[in-house]
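S.K.: Supplied in structure tokens, the structure appears directly below.
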Amino acid sequence: RAKSMGGNTFSCFKPEMDAWVQARRKRENDLREALARGEFTLAYQPQIDAAANRICGFEALLRWNHPIDGPVPPTDFIPLAEETGLINPIGAWVLRQACVEAAGWPGRLRIAVNLSPIQFRNRDLVGSVQSALRNSGLPPERLELEITEGVLLADNEANLATLHELRALGVRIAMDDFGTGYSSLSYLRAFPFDKIKIDRSFVSQVGESLHCTAIVRAVTGLAASLGIVTTAEGVETAAQLAHLRAEGCNEMQGFLFSRPIGASQVLDLLSRNGQEAEAAA
Ligand code: C2E
Ligand code: MG
Ligand code: MG
Ligand code: MG
């Protein structure tokens, strides 16, 4: 639009642009300080085993409470953290914190941690997973790393090697947001994932849209025949749950069961579910 408005259009927009650039620079500086100032916390959202109807794990979701602006959504600050490289120290903190908190949970509950593709460019990634496990004492099989297609798009070979190194530590690898990528199927051929998380965009229309229902059916069938566990993301209604169960989806996660909760609420939720004294491994 700016182009068609003639030569000096750019100067008209300049004050706004400056404001935008300044706001962004401010946000970036704030983000740079946030870790040291202790402004990050983790929220935990339960994952439910559909057959047993029990909580089988939690996904750690990063929260930033800005001292002035209040909570900033991860969809806003994570891209900024990725562009600035701050995702590396922040991601290492998430790993440490999630492992320490999960090590205090009963039973075999798993903790899932999201990894950004940018973290795969950092040669320390495997080391930081290893040290998070060592420092917390969390058994590796209780840690699950969620990755998105971005990890296998760029630097394919190097990232694939890193994935195999991570797997060799004994941790599980999940493919997040499955079905939203350009070639989700080829990622399944590239790496033997332990879990597929069916994206919320399909889950939200299961049973309503014939297309979404068919896609969910195909994905659960394919995963089952490959020996891969499926988790449905963003389950919000009982009707969705019933359809997902009927399609053989293994695990459920979504507001129907619980929103992401604070670390201090995890044990409460477990005891309300009769899972406070789950036999230790
Ligand atoms: P994700 O990994 O796909 O996480 C699921 C998102 O869906 C979370 O949003 C969760 O709160 C939301 N959600 C769960 N159940 C429902 C539901 O029933 N309905 C709806 N409408 N939403 C639901 P959140 O916490 O805002 O996180 C957004 C994204 O930010 C995550 O998507 C993930 O890609 C990224 N993210 C969050 N924490 C981290 C982190 O520690 N590291 C990295 N690299 N990325 C993170
Ligand atoms: Mg995730
Ligand atoms: Mg997801
Ligand atoms: Mg998603």
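S.K.: Just give me the residues in the stretch 134-158 being away from ligand 4 (no atom under 16 Å from the Cβ), open to solvent by less than 20 Å² (accessible area, probe 1.4 Å) and modelled with pLDDT of 95 or more, in sequence order. Can you show your working first?
M.R.: We begin by selecting, within the stretch 134-158, every residue away from ligand 4 (no atom under 16 Å from the Cβ); these are 134-143, 152-158.
If we keep only those that are open to solvent by less than 20 Å² (accessible area, probe 1.4 Å) as well, we get 138, 143, 152.
Listed by number, the residues that qualify are L138, L143.
S.K.: Output the residue which, of all residues in the stretch 53-72 that are within 14 Å of the chain's Cα centre (by Cα) and open to solvent by less than 60 Å² (accessible area, probe 1.4 Å), is nearest to V100 (Cα to Cα). Let's see the steps before the verdict.
M.R.: Residues of the stretch 53-72 that are within 14 Å of the chain's Cα centre (by Cα), as a first pass: 57-63.
So of that shortlist, the ones also open to solvent by less than 60 Å² (accessible area, probe 1.4 Å) come out as 57-62.
Values: G57: 15, F58: 14, E59: 14, A60: 12, L61: 15, L62: 15 Å.
Here the answer is A60.
S.K.: Here's something else I'd like to know. Restricting attention to the stretch 97-133, and to residues there that are of a type in the set (D, E, K, R) and surrounded by fewer than 17 Cβ atoms within 10 Å (Cβ to Cβ), which single residue is nearest to F40 (Cα to Cα)? Before the answer, list the steps.
M.R.: Let us first name the residues in the stretch 97-133 that are of a type in the set (D, E, K, R), namely 101, 108, 110, 121, 123-124.
Cutting the leftovers down to surrounded by fewer than 17 Cβ atoms within 10 Å (Cβ to Cβ) gives us 108, 121, 123-124.
Details: R108: 26, R121: 23, R123: 24, D124: 21 Å.
Residue satisfying both the conditions and the ranking: D124.
S.K.: Right, next: Only residues that are among the acidic types (D, E), within 16 Å of ligand 2 (Cβ to nearest atom) and in contact with a helix residue (DSSP H, G or I) (Cβ under 6 Å, 6 or more places away or on another chain): list them for the stretch 193-248, please.
M.R.: So the first thing to find is which residues in the stretch 193-248 are among the acidic types (D, E), and the list is 194, 199, 208, 233, 236, 247.
Still in the list and also within 16 Å of ligand 2 (Cβ to nearest atom): 194, 199, 233.
Residue satisfying the conditions is E233 alone.
S.K.: Taking the stated definitions as given, is A81 within 16 Å of ligand 3 (Cβ to nearest atom) and within 16 Å of the chain's Cα centre (by Cα)?
M.R.: Numbers: within 16 Å of ligand 3 (Cβ to nearest atom): no; within 16 Å of the chain's Cα centre (by Cα): yes.
No; evaluated as a whole, the condition is false for this residue.
S.K.: Every residue in the stretch 236-271 that is assigned to a loop (DSSP other than H, G, I, E, B) and under 15 Å from I196 (Cβ atoms), please. Break it down stepwise before answering.
M.R.: Taking the stretch 236-271 first, the residues assigned to a loop (DSSP other than H, G, I, E, B) are 236-237, 247-250, 253-260.
Matches in the stretch 236-271: E247, G248, C249, N250, Q253.
S.K.: Restricting attention to the stretch 205-243, report how many residues are buried (at least 20 other Cβ atoms within 10 Å of the Cβ) and not hydrophobic (A, V, I, L, M, F, W, C).
M.R.: 6
S.K.: Another question about this same structure. Among the numbered criteria (1) closer than 23 Å to L61 by Cβ; (2) surrounded by 14 or more Cβ atoms within 10 Å (Cβ to Cβ); (3) over 17 Å from the mean Cα position of the chain (by Cα), which one does G179 miss?
M.R.: (3)
S.K.: If you don't mind, there's one more thing I want to ask. Taking the stretch 182-223, which residues are of a type in the set (V, I, T) and more than 15 Å from ligand 1 (Cβ to nearest atom)?
M.R.: Keep residues of the stretch 182-223 that are of a type in the set (V, I, T), which gives 196, 198, 203, 206, 213, 215-216, 219-220.
Across the stretch 182-223, the qualifying residues are T213, I215, V216, V219, T220.
S.K.: Run F255 past the list (1) under 18 Å from the mean Cα position of the chain (by Cα); (2) more than 16 Å from ligand 1 (Cβ to nearest atom) and report the number of the one that doesn't hold.
M.R.: Condition not satisfied by F255: (2).
S.K.: Still on this structure, please answer the following. Which of the residues that make up the stretch 226-235 are in contact (Cβ under 8 Å) with a residue 12 or more places away in the chain and in a loop (DSSP other than H, G, I, E, B)? Before you say what the answer is, go through the steps one by one.
M.R.: Taking the stretch 226-235 and keeping what is in contact (Cβ under 8 Å) with a residue 12 or more places away in the chain, we get 226, 228-235.
I228, E233, G234, V235, listed by residue number.
S.K.: Further question: Sort out which residues of the stretch 170-215 are touching a residue at least 24 places away in the same chain (Cβ under 8 Å), over 21 Å from N159 (Cβ atoms) and among the aliphatic types (A, V, I, L, M), and write them in order of number.
M.R.: Correct list: I198, V203, V206, I215.
The values are calculated or read from the model by the stated rules, or taken from the named source; none is laboratory data. Here the structure is a predicted model, which means the values were calculated and not measured. Backbone-built Cβ (ideal geometry, glycine too); neighbour counts: all protein chains shown. Areas reflect the complete protein model, heavy atoms only, side chains present, ligands, DNA and RNA absent. Shrake-Rupley method; radii C 1.70, N 1.55, O 1.52, S 1.80 Å.
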